[in-house]
Amino acid sequence: MAVWVSRIPMALGLLACLLVASAQAELEDVERAAVERLLEAYFERWSAADFDGYGALFHPTAVIHHVDDAGRTTRQALRAFLRGQRRAHARSPGRTEVPLSMDIEEQRPGFVRALVHWE
């Protein structure tokens, strides 16, 4: 799963607050930690079937880009994505998803690419 995260519009206002930190080296660490917290919340809320909290992690106009193993992408509007996530969870009650690895890198100023593998 590839997730594009914009520093300012993302629902976590915490990220915007943390951008006011001090030196550049520290800022990078703070930004990485904020993105990691966002991704951890993503999996925690999904696993807890907290779809109101899960949906709040996305910008209201978000478009979800799914990347398959061959690198092909498909897009889905947020509302349809959340509806599908609710249905998937309802079919498998108690199912949890846990991130196995997170590769986070800045693509350009203001945008971070997070590649997450999970089970």
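The values are calculated or read from the model by the stated rules, or taken from the named source; none is laboratory data. What you see is a predicted model, and the numbers here were worked out from it, not measured in a lab. Cβ atoms come from the backbone with ideal geometry, glycine included; neighbour counts cover every protein chain shown. Accessible surface areas use protein heavy atoms only, side chains included; no ligands, DNA or RNA. Shrake-Rupley method; radii C 1.70, N 1.55, O 1.52, S 1.80 Å.
Laid out as a table, the results:
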read-out: Pick from the stretch 48-72, criterion in a helix (DSSP H, G or I) and of a type outside the set (Gly, Ala, Ser), ranking: least open to solvent (accessible area, probe 1.4 Å); value: 54
read-out: Test for residue 36: is it in contact (Cβ under 8 Å) with a residue 40 or more places away in the chain, open to solvent by 60 Å² or more (accessible area, probe 1.4 Å) and acidic (Asp, Glu); value: yes
read-out: So residue 5, is it open to solvent by less than 30 Å² (accessible area, probe 1.4 Å), modelled with pLDDT under 90 and outside any helix (DSSP H, G or I); value: yes
read-out: Where residue 112 falls short, out of the listed (1) open to solvent by 60 Å² or more (accessible area, probe 1.4 Å); (2) in contact with a strand residue (DSSP E or B) (Cβ under 8 Å, 6 or more places away or on another chain); (3) at pLDDT below 90; value: (1)
read-out: Long-range neighbours under 7 Å by Cβ, at least six apart or interchain, first residue part of a loop (DSSP other than H, G, I, E, B) within the stretch 93-119, second modelled with pLDDT under 85 and of a type in the set (D, E, K, R); value: 110/7
read-out: Those residues of the stretch 25-67 which are in contact with a Leu (Cβ under 8 Å, 6 or more places away or on another chain), closer than 16 Å to residue 87 by Cα and hydroxyl-bearing (Ser, Thr, Tyr), in sequence order; value: 54
read-out: Sole residue being exposed (fewer than 15 other Cβ atoms within 10 Å of the Cβ) and in a helix (DSSP H, G or I), chosen from 75, 45, 83; value: 83
